[in-house]
Amino acid sequence: MSLNRSLLTFISLVFVLSSELLIASSDPKAKTSTIEDRKAEVSQYVKHHNLDTHDFGLFSYTDDNGQHHSVGFPLPVILWSEGLHVFSSSELQHGAAVVESKGKYFRLDEHSYKIYATDLEGTFKFDENHHVLNDAPLDFSITKSVFMIIVVSILLFWIFSSLAKSYAQNKSIPKGVGRFFEPIVLYIRDDIAIPNIGEEKYRYYMPYLLTVFFFVWFLNLFGLTPLGINVTGNIAITTALAIITFLLTNLTGTKDYWKHIFDPLGHGMSWGAKIPLYIILIPIEILGIFIKPFSLLIRLYANMQAGHIVLGSLIGLIYIFQNWIAGPLGFGLSFAISFIELLVALLQAYIFTMLSALYFGFASESHEHAVEHDGEFEHL
């Protein structure tokens, strides 16, 4: 009985929301644009959603006079161009205004969302492919992605500080939010860190594994909110995370790890026979050092970016076609994909953490540890 009520409530909710969307899309003013115009508008909106911006936009709307308005709050712009320049992103006016700072002029390109140095009139110079040729200053601004990184970092620090205090006060018995996070922490320790790294050395890597898992997971979840956040869909962010994994792997690598790279055949063959093979094997091993972190950053970036593009495109179908078929279909598919994206958000955090632990295990494995495993296999 309760299942039937829940199903009826869900169908009613879908019908009501779809009806409201269709009523809005049947506005005579909206019908004045062609399908091609609406496709271009949706494409630009999805592109804007997936790019980093210098302000934190909550939502936007167009008034009766055709004026476009954005609602949000500005963020600090920090540039270096023959000196430090600091001002509010509201002064850029989304590329409509030129900002003067210490005798220098800056303007935001509304297509690439990058700031360039210009003249007093804010003139852009373009090449034959319509790429801006103006000099770009070094940009250290607190963008929307950087702002969310700071927010998630503070949130994680607060959560785990509270969890640590709860453990100390309740004799290692979690209470409150700790009851939710403790099984996850134990899973990362018992099913990811220890099996891949080993009981002797897993503690050295646990702080990073826990941090990167919850950091990626929380950012992925924030990306599913209507705030227009796509931090893990920014290749610069995933590259930074992959570089940290790369550095930890190679800086903590044991002698056996590096010996396996530069002498992969070991003592089983004479050097006279190994040298011709090493002409091929050693470059492959060295290339593998860089391919591993590259696969990490591309996997996370591509999956999160693709999810946002698909979800934005499905929602855009309602606005593009504006009929009784596209409305419920677009809403239903978007609703289903949103649930799938919740699983993808967790899955991508798990995969990044698992592969990082696997690489750490390769780097920290000693010859004695490998011999023990060989003995186990022989026994089996």
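The values are calculated or read from the model by the stated rules, or taken from the named source; none is laboratory data. Note that the structure is predicted; figures quoted are calculated from it, not measured. Note that each Cβ is placed from the backbone with ideal geometry, even for glycine, and that neighbours are counted across all protein chains shown.
Taking the criterion of being out of contact with any strand residue (DSSP E or B) (no Cβ under 6 Å at 6 or more places or on another chain) and at pLDDT 90 or above, no residue of the range 126-138 qualifies.
Take the conditions of a type in the set (A, V, I, L, M, F, W, C), within 30 Å of Glu365 (Cβ to Cβ) and at pLDDT below 90 and apply them to Phe160. Does it pass? So Phe160 fits the description; yes. Phe294 meets each of the listed conditions (1) modelled with pLDDT under 85; (2) among the aromatic types (Phe, Trp, Tyr); (3) part of a helix (DSSP H, G or I) apart from (1). Among the residues of the range 130-140, is there at least one that is touching a residue at least 40 places away in the same chain (Cβ under 8 Å), of a type in the set (Phe, Trp, Tyr) and crowded, with 17+ Cβ neighbours inside 10 Å? Within the range 130-140, none of the residues are touching a residue at least 40 places away in the same chain (Cβ under 8 Å), of a type in the set (Phe, Trp, Tyr) and crowded, with 17+ Cβ neighbours inside 10 Å. Say we look at the range 165-183 and pick out the residues that are outside any helix (DSSP H, G or I) and among the hydrophobic types (A, V, I, L, M, F, W, C); which of these is surrounded by the fewest Cβ atoms within 10 Å (Cβ to Cβ)? Result: Ile173. In the range 156-181, the residues that are at positive phi reach residues that are among the hydroxyl-bearing types (Ser, Thr, Tyr) and surrounded by 13 or more Cβ atoms within 10 Å (Cβ to Cβ) with C-beta atoms within less than 7 angstrom, at least six apart or across chains, in these pairs: Gly176/Ser166. The condition (being more than 29 Å from Leu347 (Cβ to Cβ), in contact (Cβ under 8 Å) with a residue 24 or more places away in the chain and either out of contact with any helix residue (DSSP H, G or I) (no Cβ under 9 Å at 6 or more places or on another chain) or among the aromatic types (Phe, Trp, Tyr) (or both)) is satisfied by just one residue among Phe106, Phe87, Phe124, Phe147: Phe106. Selection over the range 24-80 of residues that are part of a loop (DSSP other than H, G, I, E, B), surrounded by fewer than 13 Cβ atoms within 10 Å (Cβ to Cβ) and modelled with pLDDT of 75 or more gives a count of 1.
Scanning the range 241-284 for residues that are free of Cβ contacts under 8 Å to residues at least 40 places away in the same chain, in a loop (DSSP other than H, G, I, E, B) and surrounded by 13 or more Cβ atoms within 10 Å (Cβ to Cβ) yields a count of 3. Taking each residue of the range 352-364 that is closer than 15 Å to Ile244 by Cβ and looking for partners that are among the small types (Gly, Ala, Ser) with beta-carbon atoms closer than 7 Å, six or more apart or interchain, yields Ala357/Ala193; Ala363/Gly253.
Quick check on my filter: what residues within the range 184-214 are among the hydroxyl-bearing types (Ser, Thr, Tyr) and surrounded by 19 or more Cβ atoms within 10 Å (Cβ to Cβ)? Tyr202, Tyr205 - these are the residues of the range 184-214 that are among the hydroxyl-bearing types (Ser, Thr, Tyr) and surrounded by 19 or more Cβ atoms within 10 Å (Cβ to Cβ).
Taking the criterion of being β-branched (Val, Ile, Thr) and closer than 14 Å to Leu227 by Cα, the residues of the range 40-65 that qualify are Val46, Thr53.
Glu110 fulfils the conditions (1) under 28 Å from Gly233 (Cβ atoms); (2) surrounded by fewer than 17 Cβ atoms within 10 Å (Cβ to Cβ); (3) out of contact with any Gly (no Cβ under 8 Å at 6 or more places or on another chain) except for a single criterion, (3). Which numbered condition in (1) farther than 19 Å from Leu51 by Cα; (2) at pLDDT below 85; (3) surrounded by 14 or more Cβ atoms within 10 Å (Cβ to Cβ) is the only one that Leu346 fails? Looking at each condition in turn, Leu346 falls short on (2). Within the range 327-339, can one find any residue that is farther than 30 Å from Lys201 by Cβ, surrounded by fewer than 16 Cβ atoms within 10 Å (Cβ to Cβ) and without any contact (Cβ under 8 Å) to a residue 12 or more places away in the chain? Looking through the range 327-339, at least one residue is farther than 30 Å from Lys201 by Cβ, surrounded by fewer than 16 Cβ atoms within 10 Å (Cβ to Cβ) and without any contact (Cβ under 8 Å) to a residue 12 or more places away in the chain.
Considering the range 135-163, and only residues there that are part of a loop (DSSP other than H, G, I, E, B) and small (Gly, Ala, Ser), the residue that is farthest from Phe214 (Cα to Cα) turns out to be Ala136.
Scanning the range 109-134 for residues that are out of contact with any Phe, Trp or Tyr (no Cβ under 8 Å at 6 or more places or on another chain) and either closer than 20 Å to Val86 by Cβ or not in a loop (DSSP other than H, G, I, E, B) (or both) yields Tyr113, Lys114, Phe126.
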